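Each value in this text was obtained by applying a stated rule to the coordinates, not by laboratory testing. Given the structure is predicted, the values throughout are model-derived calculations rather than measurements. With ideal geometry, Cβ positions are generated from the backbone for all residues, glycine too; neighbour counts draw on all protein chains shown.
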Amino acid sequence: MKNLKYLLAMAMVALLVSCTGGANESDRGEEPAGALFIIGGGSRPAAMIERMIAEAGLWEDGYAVILPMSSAEPDSAIIWSSEQFLDQGMDRLAGFNFLPGETPDPARVDSVRHAKLIYISGGDQNRFMDIVLGTPIMDAIHEAYANGAVIAGTSAGAAVMSEKMITGNELRYPEYRPTFPVIESENLEISQGLGLLDNAIIDQHFVWRSRHNRLITAVLEHPRLPGIGIDESTAILVRGNKAEVVGVSQVLVFRNPQKSKSTYNEKIGGVNLRLDVYLPGEIFSLE
């Protein structure tokens, strides 16, 4: 039944897109008119989805687009992601699985550009960026954000928000480990993300998977940027330089205000690092 509801929703979105005129694109130099809804992974409470829909203005008009390319099973990711919106009564949505190396369909890219909500699924952030980096898809996401859309993502879809993206890989220890048991130089792999958030580094599943060492490493090696660790079932809603905690758990923010870094062999250290732990409903500055 939900698959049928999804197919009907896709048809509705196709009609909406065909009637959408070209919106004026904001100057990239201006502050984006949209918002970021960055989810730390795990389950997504109904109240969180309702807030996402409301922030995007979808109850009034418009549609959502799901981008599942992080997932190893993108078709399933579209269905699973759709269900959270369908359960809240939002059926104006479509999913587009762009493929590696293909020339993206201009009509689908245009649908991304004019969406009021773009939702990026979980999976592998590197897989997602390998597909979209330097393509019209990435440009369309930026244009949508500039013109007022909400760009949302969970897990890997959260990691890609940063300009400097944590890949999940360790350079010194190539076998994958879900936690990060060391604080060492030249170990944390950072790659190019979407760059929607250029003044912070995002980490996800943060408290649940004890990823503190990874983000401490990030702020020691990239001291200009705060490191934001978002726990599961929790998100930050970013508008401008303010972030609000949404969901059920904590958001940890590490800062290195003195740009401190020292080394001892491969170990790295620093002094007077700052840690803030924020709870749902609290707001903090990204500056």
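Between 0 and 90 degrees, rounded to the nearest ten: what's the tilt of helix 212-221 against the longest Cα principal axis of the chain?
80 degrees
Write out the chymotrypsin sites (Phe, Trp or Tyr not before Pro) in the stretch 125-201 meeting two conditions: DSSP loop, and at most 13 other Cβ atoms within 10 Å of their Cβ.
When the chymotrypsin sites (Phe, Trp or Tyr not before Pro) of the stretch 125-201 are filtered for loop state and at most 13 Cβ neighbours within 10 Å, 176 remain.
Please identify every one of the GluC sites (Glu not before Pro) in the stretch 99-168 that sits in a loop by DSSP and has no more than 14 other beta carbons within 10 Å of its own beta carbon.
Those satisfying the criteria are 102.
Highest GNM mean-square fluctuation, the chain, Cα pairs closer than 10 Å: which of 170, 186, 60?
Maximum fluctuation in the GNM of the chain, among the listed residues, is at 60.
Once Lys and Arg get +1 and Asp and Glu get -1 on their Cβ, which of 235, 118, 196 lies farthest toward the positive end of the dipole of the chain?
The Cα lying farthest towards the positive end belongs to 235.
To the nearest 500 deg cm²/dmol, what mean residue ellipticity at 222 nm is calculated for the chain from DSSP H runs of n ≥ 4 alone, each contributing -39,500 (n - 2.57), summed and divided by the residues?
The per-residue figure over the chain is -8500 deg cm²/dmol.
Less than 13 Å Cβ to Cβ from residue 208, Lys/Arg counted +1 and Asp/Glu -1: what total charge do the surrounding residues give?
Result for the local shell: -1.
Explain nothing, just the number: dipole magnitude of the stretch 66-217 about its Cα centre with +1 on each Lys and Arg Cβ and -1 on each Asp and Glu Cβ, in debye rounded to the nearest 20.
Here the size comes out at about 320 debye.
Dipole size in debye (nearest 20) for the stretch 185-287 around its Cα centre, Lys and Arg Cβ +1, Asp and Glu Cβ -1?
Details: 11 positive and 12 negative charges, 50 e Å.
Once rounded to the nearest 20, the dipole reads 240 debye.
So, with +1 on the Cβ of K and R and -1 on the Cβ of D and E, and no other charges, what is the size of the charge dipole of the chain about its Cα centre, to the nearest 20 debye?
600 debye
Quick one: angle between helix 46-56 and the longest Cα principal axis of the chain, in degrees between 0 and 90, rounded to 10, please.
70 degrees
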